[in-house]
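Q: This is the structure I want to talk about, given as C-alpha cells.
The values are calculated or read from the model by the stated rules, or taken from the named source; none is laboratory data. This one's a predicted model, so the numbers in the text were calculated from it and none came from an experiment. Here Cβ is always computed from backbone atoms with ideal geometry, including for glycine, and neighbour counts include all displayed protein chains. Side chains are part of the model used for accessible areas, which takes the heavy atoms of the whole protein and leaves out ligands, DNA and RNA. Shrake-Rupley method; radii C 1.70, N 1.55, O 1.52, S 1.80 Å.
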Amino acid sequence: MKKKLWMAGMAVLVAGVAQANIVTVLDFNRLNPWGLTGNTLDVGGSESGFTIARSVGDSRLYTITYTGADFDGDSMNDTLTFGVRVDAVTGSTANHALAAYVTTNGATASIGSTIANVDLRLVNGTNSVDAWGVGEQMNDGTTLIYSVTNISSSVGIVEFNGFDQFSYAEVVNPAGTGHGFVVGSGSNLFGRVWGTGSSQSLGDTPSTLHITGDRMNSTPLNTPTYWGVRDVSWGMTVTVITEPATIGSMAIAVAPGGTNVVLSWPTVSNQTYGVQAKSNLLDGSWSSIITNIAGTGSAASVTNAVSTDAEFYQAYVEE
C-alpha cells in the first residue's frame, strides 16, 4: 500500500500514510495420528503455541488452534484456528505400472466413493505403527483424503498454501514386498514403489491431498500392503492489511517562477520512497516521477514541473 499526499492547483490536502501489509508465512510440519491418545505437530520448528483436538468416527477431524505468532505487529500473539480432515474411501482404481523400486509421473487414479473408517494405528501380528490407514493397512484401491476446513483468524486474511509433504511407514516388510502409492486424482500423477519408509515432497502443493494404495506390478507380491501415512505437512499465509497512519505534516510549495512545485514529506530511516502524479483523480493511471528515494529520518524533497492546470501527487513507501 502507498503513502499518499494530494495537491490540486494551489489547494493542498494532506492524506494519511499507509504502512506496508504485514505478511506471516507459517509452515505446519508433521501432523500425525500418534496412537490413540494425542498428536504432535511443529510450526516453523517449534512444538509450542498450539492445541489439537481430534474427533472420533469414520473420518478424523483435527481441530488446531495456533497462538504462537503476532500477525499484526502489536506485540500480542493472535489466534488462528482451522481443521485438518482425514477421510477414507475404498473402490479407488490406481495404476503406476511400476515393477521396481522407482517413481513415475505417469500414474493414474480414479477415487472411489465407498466411505471407510480411518485407522490411526496399523497392526500386523506383533508389529504395529502409528499411521493413518484403512482397515489397519493401505490395500490396493484404498484412498486417504486430506483437506483443511473452517479457517478462522482473529486478524487478517488467511490463505491455505496447500499440502507440501507427507511421510509413509510400513508395519512389516516380508521378503520381496513392494509397497506402492499414487498421489492425486486423474492422470499424469506421481507414483512410487518403495520398501523402506520415508517422506515425499509435493511440488504442486494440492489443496486436497489424495493418497491411494497401489502395490508393485511384479512377483512375488506377498501382499505388500501393510503400510500407512505417518504424517502430513502444509503451509499457510496470514496477511494483515494495515490502516492508514499519519506520519507527520507534508508540504507542497510553488518554486520561484511558478512552473515547478516542491514536494516534501518526513521519512523513516531504512525505508525507500517514490512519488507518482496524475492530472485527473477520476481516471488515468499514476505516472512515476521518481523512485528509490532513501529515507534518512529527515524530510525528503522532490521538485517537479507542472504542465497542467491541476496536478495530483502521491508519495509512497516502496516494498
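Q: How many of the residues making up segment 119-148 are outside any strand (DSSP E or B) and among the hydrophobic types (A, V, I, L, M, F, W, C)?
A: The qualifying residues number 1.
For every residue, the table says whether it meets (1) farther than 22 Å from residue 194 by Cα; (2) in a strand (DSSP E or B).
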| position | (1), (2) |
| --- | --- |
| 40 | yes, no |
| 53 | yes, yes |
| 56 | yes, no |
| 61 | yes, yes |
| 71 | yes, no |
| 82 | yes, yes |
| 97 | no, no |
| 106 | no, yes |
| 109 | no, yes |
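Q: Also, quick follow-up: If you go through segment 292-319 one residue at a time, how many are under 23 Å from residue 21 (Cα atoms), open to solvent by 70 Å² or more (accessible area, probe 1.4 Å) and β-branched (Val, Ile, Thr)?
A: 1
Q: How do the pairs read when you match residues in segment 103-126 that are under 14 Å from residue 144 (Cα atoms) with residues anywhere that are open to solvent by 50 Å² or more (accessible area, probe 1.4 Å) and among the β-branched types (Val, Ile, Thr), using Cβ under 6 Å and keeping only pairs 6 or more apart or on different chains?
A: Sorted first by the residue in segment 103-126, then by its partner, the pairs are 110/93.
Q: Next up: Considering only segment 84-93, how many residues are over 28 Å from the mean Cα position of the chain (by Cα) and either in a strand (DSSP E or B) or surrounded by fewer than 13 Cβ atoms within 10 Å (Cβ to Cβ) (or both)?
A: Of the residues in that region, 2 qualify.
Q: Is there any pair with a first residue in segment 128-155 that is closer than 24 Å to residue 71 by Cα and at pLDDT 90 or above and a second that is open to solvent by 10 Å² or more (accessible area, probe 1.4 Å) and not in a strand (DSSP E or B) whose Cβ atoms are under 8 Å apart and which are 6 or more apart or on different chains, and what are they?
A: Short answer, once both residue conditions are applied: 147/207; 147/208; 148/207; 155/72.
Q: Criterion first (at pLDDT below 50 and open to solvent by 40 Å² or more (accessible area, probe 1.4 Å)) does residue 13 satisfy it?
A: Here the answer is yes, as residue 13 does meet what is asked.
Q: Between a residue in segment 41-56 that is within 10 Å of residue 29 (Cβ to Cβ) and any residue that is crowded, with 16+ Cβ neighbours inside 10 Å and of a type in the set (Asp, Glu), which pairs come within a Cβ distance under 9 Å, given they are 6 or more apart or on different chains?
A: Pairs found: 41/231.
Q: Hey, another quick one. I'd like the residue in segment 73-82 that is surrounded by fewer than 19 Cβ atoms within 10 Å (Cβ to Cβ) and touching a strand residue (DSSP E or B) at 6+ places or on another chain (Cβ under 6 Å) and, out of all such residues, is modelled with the lowest pLDDT.
A: By that ranking, first place goes to 73.
Q: Any idea how many residues of segment 287-319 are modelled with pLDDT under 80 and assigned to a loop (DSSP other than H, G, I, E, B)?
A: Residues flagged as modelled with pLDDT under 80 and assigned to a loop (DSSP other than H, G, I, E, B) within segment 287-319 amount to 8.
Q: Confirm whether residue 235 is at pLDDT below 80 and open to solvent by less than 70 Å² (accessible area, probe 1.4 Å).
A: Numbers: at pLDDT below 80: no; open to solvent by less than 70 Å² (accessible area, probe 1.4 Å): yes.
In short, no.
Q: Is there a residue in segment 154-164 that is hydroxyl-bearing (Ser, Thr, Tyr) and either assigned to a strand (DSSP E or B) or out of contact with any Leu (no Cβ under 8 Å at 6 or more places or on another chain) (or both)? Break it down into steps so the answer makes sense when it comes.
A: Quick first cut of segment 154-164, residues hydroxyl-bearing (Ser, Thr, Tyr) only: 154.
Keeping just the survivors that are either assigned to a strand (DSSP E or B) or out of contact with any Leu (no Cβ under 8 Å at 6 or more places or on another chain) (or both) gives none.
No, there is no match, as no residue in segment 154-164 is hydroxyl-bearing (Ser, Thr, Tyr) and either assigned to a strand (DSSP E or B) or out of contact with any Leu (no Cβ under 8 Å at 6 or more places or on another chain) (or both).
Q: So residue 52 passes all but one of these: (1) under 19 Å from residue 40 (Cβ atoms); (2) open to solvent by less than 40 Å² (accessible area, probe 1.4 Å); (3) modelled with pLDDT of 90 or more. Which condition number does it fail?
A: (2)
Q: In segment 267-281, what residues are small (Gly, Ala, Ser), open to solvent by less than 20 Å² (accessible area, probe 1.4 Å) and under 33 Å from the mean Cα position of the chain (by Cα)? Working first, answer last.
A: Filtering segment 267-281 for residues small (Gly, Ala, Ser) gives 269, 274, 277, 279.
If we keep only those that are open to solvent by less than 20 Å² (accessible area, probe 1.4 Å) too, we end up with 274, 277.
Of everything in segment 267-281, just one residue is small (Gly, Ala, Ser), open to solvent by less than 20 Å² (accessible area, probe 1.4 Å) and under 33 Å from the mean Cα position of the chain (by Cα), namely 274.
Q: Additional query: Scanning for something at pLDDT 95 or above and open to solvent by 50 Å² or more (accessible area, probe 1.4 Å), does segment 210-219 turn up at least one residue?
A: Among the residues of segment 210-219, not one is at pLDDT 95 or above and open to solvent by 50 Å² or more (accessible area, probe 1.4 Å), which makes the answer no.
Q: Looking only at residues that are open to solvent by less than 40 Å² (accessible area, probe 1.4 Å), at pLDDT below 95 and not in a strand (DSSP E or B) in segment 177-196, which one is nearest to residue 41 (Cα to Cα)?
A: Out of the qualifying residues, it is 195.
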